[in-house]
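Here the structure is laid out as structure tokens; the discussion comes afterwards.
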Number of protein chains: 2
Amino acid sequence: MSPDTRTKIIMTAMELFWDKGYGSTSVADILSRSQIHSGSLYHFFPGKQDVLVGVLEFYRDKIEEWLLAPIWSAVTDPIERIFGLLNGYRTQLLTTDFAYGCPIGNLALELHEPDPKVRQLLAANFTNWTTAIEGCLDAAAERLPPNTDRRALAEYILTVMEGAVMQARSFRDIGPFDRNVAMLRQHIDLLASQVRAEFVKV
Amino acid sequence: MSPDTRTKIIMTAMELFWDKGYGSTSVADILSRSQIHSGSLYHFFPGKQDVLVGVLEFYRDKIEEWLLAPIWSAVTDPIERIFGLLNGYRTQLLTTDFAYGCPIGNLALELHEPDPKVRQLLAANFTNWTTAIEGCLDAAAERLPPNTDRRALAEYILTVMEGAVMQARSFRDIGPFDRNVAMLRQHIDLLASQVRAEFVKV
DNA sequence: TTATCACTTGATTGATCATTCAATCAAGCT
DNA sequence: AGCTTGATTGAATGATCAATCAAGTGATAA
């Protein structure tokens, strides 16, 4: 058994896919960076696409630990946790000079006709993210109008994050990202003020 | 002078880039579909990337005629023009079975380190789109709070469109798109209701 | 008539791509 | 010791890639 080699391939491929995309990463790139030989890679994976599947499964299982846990421990207010998560993407954009955005979003748009397994894993990664946000909204349910579709609002927050990252990367400017997040904040504030108005009325 | 050949190359390459992406479109693909020989292509373009530049310049110049004019003539209310534009992307998603999203968004995320000319053209395409939306918002200025940053709101609408298209394509389901647009509609309605409340107060 | 010039043809090049495979190795089991 | 099995090595394969270029075409003008 050699889980070490398999894991090393996945970690290396993940870095390269995030950095250069799937199509622009050659198997030779993965081999040279991971110091592993082609025979070993093809011993564990039938082909390049199966490496991608491995990466997406790996990332899916690490979202909780890598992405959410650090922010959950730093922020407790559920609404602020959402904006803390968005701020994490902001920091990543700035520290990588706009090279890294959302890795799943990049792949989702790069792979125009992905095979069902890949597409399903991309969707699963989005779903996990959305479910985490939905949990925050549920925790803040009393600060939102009672008829709020919290699942749809969580999807919408994912949408704003992805679009904001895309624009910031295209313009190589954090301005669009900040203004987009400010707009989202305004929307949520408006929802919250509706609740207060209703409370006064009753 | 043979603008016909040059244009044919650009139109063919545009179709292929929208359909399969830039990296997955080979020069041979462009040649076989356009019935043009490699020498002719390289007579007009120094290389593949220059074809991409030509496509982006061409599309930038056609946004008004191809994208906006049909909707402007079908809808007159400025706010409904915005949602009419979004509905155009919705129709395109459905009629292409989620193959076509926003062509500029796809390329923006596919090209991780584009050269300055390409990056500038991607940004110019986004800017043109945003400016058109901003024009609608200016025309509806009296229905928005007076302190509204209409440029930022236009950027935000682009963001929602791009994110909504991304999710619909990933899930191969129009549901996320529709719910995202509904959320945006709610936000704009909330802004409009603020104006009415202010009017009553005065 | 002849020279010029923009354009076209398509075989060819060398690089790079994902993938294969015969061989060797190391460790455990009998 | 001998046998088995999973893991590793790295040269080799054939396909495909972007790009090149010498030879040709046809229209225009001197």
For the stretch A:46-76, which positions are under 27 Å from A:Leu190 (Cα atoms) and in contact (Cβ under 8 Å) with a residue 60 or more places away in the chain?
A:Leu68
Please determine, by comparing only the residues of the stretch B:139-173 that are without any contact (Cβ under 8 Å) to a residue 60 or more places away in the chain and farther than 28 Å from B:Leu93 by Cα, which one is nearest to the chain's Cα centre (by Cα).
B:Asp149
Would you tally the residues in the stretch A:14-45 being touching a helix residue (DSSP H, G or I) at 6+ places or on another chain (Cβ under 8 Å), within 22 Å of A:Arg169 (Cα to Cα) and in contact (Cβ under 8 Å) with a residue 12 or more places away in the chain?
9
Wholly enclosed helices (runs of 4 or more DSSP H) of the stretch A:89-190 bearing at least 3 residues more than 28 Å from B:Phe17 (Cα to Cα) and at the interface with chain B (Cβ under 9 Å from one of its Cβ atoms):
A:150-171
Hits in the stretch A:71-86 - residues which are surrounded by 13 or more Cβ atoms within 10 Å (Cβ to Cβ), in a helix (DSSP H, G or I) and touching a helix residue (DSSP H, G or I) at 6+ places or on another chain (Cβ under 8 Å)
A:Ile71, A:Trp72, A:Pro78, A:Ile79, A:Arg81, A:Ile82, A:Phe83, A:Gly84, A:Leu85, A:Leu86
Please find, within the stretch B:15-67, the residue that is nearest to B:Leu121 (Cα to Cα) out of those that are away from DNA strand D (no atom under 15 Å from the Cβ) and not charged (D, E, K, R).
B:Leu56
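Coordinate-derived values only; no laboratory data. These numbers were taken from a predicted model, which means no experiment stands behind them. So basically every Cβ, Gly included, is an ideal-geometry build from the backbone, and we count neighbours across all protein chains shown.
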